[in-house]
1. Could you list all residues from the stretch 189-206 that are in a helix (DSSP H, G or I) and of a type in the set (Gly, Ala, Ser)?
2. Does the stretch 130-168 hold any residues that are of a type in the set (Gly, Ala, Ser) and within 15 Å of the ligand (Cβ to nearest atom), and which are they?
3. Of all residues in the stretch 285-309, which are under 20 Å from the mean Cα position of the chain (by Cα) and surrounded by 18 or more Cβ atoms within 10 Å (Cβ to Cβ)?
4. For LYS157, are the conditions met, namely being of a type outside the set (Gly, Ala, Ser), surrounded by fewer than 21 Cβ atoms within 10 Å (Cβ to Cβ) and closer than 30 Å to ILE368 by Cβ?
5. Taking strands (runs of 3 or more DSSP E) that do not extend beyond the stretch 209-322, which have at least 3 residues that are within 16 Å of the ligand (Cβ to nearest atom)?
6. Please work out if ASP87 is without any contact (Cβ under 8 Å) to a residue 24 or more places away in the chain and acidic (Asp, Glu).
7. Taking SER279, is it touching a Leu at 6+ places or on another chain (Cβ under 8 Å) and modelled with pLDDT of 95 or more?
8. With respect to ALA356, determine if the residue is within 14 Å of the ligand (Cβ to nearest atom), outside any loop (DSSP other than H, G, I, E, B) and over 12 Å from the mean Cα position of the chain (by Cα).
Amino acid sequence: MLNRRSFIGGGSALLAVAGCKTAANTANQEVMQGFDETAVGKLSNTVWTPFSDKKVRVGIAGEGVCSFGSAFAYQTHPNVEVVSVTDLDPARCKLLQERTKAKKTYPSCEELIKNAAADKLEALYIATDAPSHAPLAIMALEHGLHVASAVPAIFGKDQLDLVPKIIDAAKKSGKIYMMNETTAFRPECVAMRSLFEGGALGKHVYTEGEYFHYWGNDGIQSYKGWRNGLPPQYYPTHSNGFYTCTTHGSFTEVSCIGIVSDLPDFKGAKNPHNNPFASEVALFKTSDGGAARMAVMWDAPGYHGETGRINGTKGSYGTYSSVYTGMEKELAKTVEKAKNPLPPGVDAGAHGGSHAYLTDDFIRGILISGHKVCCDIKTSLDTTISGVYAHMSALKGGENLKIPQI
Ligand SMILES: NC(=O)c1ccc[n+]([C@@H]2O[C@H](COP(=O)([O-])OP(=O)(O)OC[C@H]3O[C@@H](n4cnc5c(N)ncnc54)[C@H](O)[C@@H]3O)[C@@H](O)[C@H]2O)c1
């Protein structure tokens, strides 16, 4: 586990990435949850067809404890040139440059964005700490950049006022804003989406999603402690994504149960969020008249991961599911067709083999007229905001709350 007490600050900050299976790690280090899932998303019988001879000029911000800046295959995608990179920590910035072969570095993402025009930058991938995503995304859109942001799109109740600003900045610039929701390109979610969009599942009735990530007694490292006492439903995208990235519907109402925790990060709510809950289970009404149950748990050891399943009026499909409308033989073909193959030499990456598919989706969105990215601005915000309201409901003992619609 990538915990805070395992971080011995002396020496290089890069030594602190114990537990994240990234290029920085040695063979002896543990693999952080999600980073062990690299092979499952690969397509077998498909051939990549070049779709453009252009290269998008991209900047990348953030090479934190998860090394997410370099983990999304920008440096190997044939339609990308990584022009500039940044991390506030000079050692991490240097590492990100080495890994991506970027020509330039900047001391902060803000500086990188200010120099975007001079660098002829077209797009920014934001892999910084969660609270910085929304302000940096707004600034980048205002500077005319397409934006792909790590999850979540906004961070908690205090950032709800940034939602109209993100929407406004995207509208005015006409640029893409997308969130890198890894669930969206997990094989089971790709299958769910493909079957749903093809009509095989009928009308949506009910979806379940779960994100289990045991925090342990030591918590998990993060820049300026943004993960300390983190309300589970402030990080709702890996469970909610099984509904929003399948149907592209939204959540309209929520009632959420928060479970009081004895883990040190949460005990007595003595944390930056005054949050006593390490697990939260939300029951949502969905925009199509159905329901969803979405669980995020930091204090349930044992089983871990991101899982989900959908039930429709004609059939059902998802993690652990083998029952749907008798189309088993068609499933493999359906999934293969639903994903664009990756270019040769581009590894799918971790979290269900989703990383490079998200990057490829973003690049296709920029270069191919009419290509709609999966986790677009509406789905990104729907997926995130609903969790903020779920946590608010949990603090009010499960009171039913209406969720603003995008
Ligand atoms: N499955 C998933 O989708 C998944 C998994 C892991 C992490 N994440 C997300 O990836 C992001 C990064 O995670 P992490 O654990 O590496 O974060 P972290 O907190 O360890 O590191 C954040 C990094 O961003 C840098 N940074 C902050 N503000 C900056 C700025 N203005 N300019 C330049 N650099 C800046 C910091 O110096 C730090 O190195 C997070 O948002 C997290 O939510 C997503």
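The values are calculated or read from the model by the stated rules, or taken from the named source; none is laboratory data. Model, not experiment: these values are computed from the prediction. Positions of Cβ are backbone-derived with ideal geometry, glycine not excepted, and every protein chain shown enters the neighbour counts.
1. Step one: of the stretch 189-206, the residues in a helix (DSSP H, G or I) are 189-197.
Across the stretch 189-206, the qualifying residues are ALA191, SER194.
2. So the first thing to find is which residues in the stretch 130-168 are of a type in the set (Gly, Ala, Ser), and the list is 130, 132, 134, 137, 140, 144, 148-150, 153, 156.
Within the stretch 130-168, ALA130, SER132, ALA134, ALA137, ALA140, ALA148, SER149, ALA150, ALA153, GLY156 meet the criteria.
3. So the first thing to find is which residues in the stretch 285-309 are under 20 Å from the mean Cα position of the chain (by Cα), and the list is 292-298, 304-309.
Within the stretch 285-309, ALA292, MET294, ALA295, VAL296, MET297, TRP298, GLU306, THR307, GLY308, ARG309 qualify.
4. No, not satisfied.
5. Numbers: elements: 251-260, 277-286, 291-297, 305-312, 316-318.
Passing ranges, in order: 291-297, 305-312.
6. Working: without any contact (Cβ under 8 Å) to a residue 24 or more places away in the chain: no; acidic (Asp, Glu): yes.
When the stated conditions are applied, ASP87 does not pass them.
7. Numbers: touching a Leu at 6+ places or on another chain (Cβ under 8 Å): no; modelled with pLDDT of 95 or more: yes.
No.
8. Values: within 14 Å of the ligand (Cβ to nearest atom): yes; outside any loop (DSSP other than H, G, I, E, B): yes; over 12 Å from the mean Cα position of the chain (by Cα): yes.
Against the criterion (within 14 Å of the ligand (Cβ to nearest atom), outside any loop (DSSP other than H, G, I, E, B) and over 12 Å from the mean Cα position of the chain (by Cα)), ALA356 qualifies.
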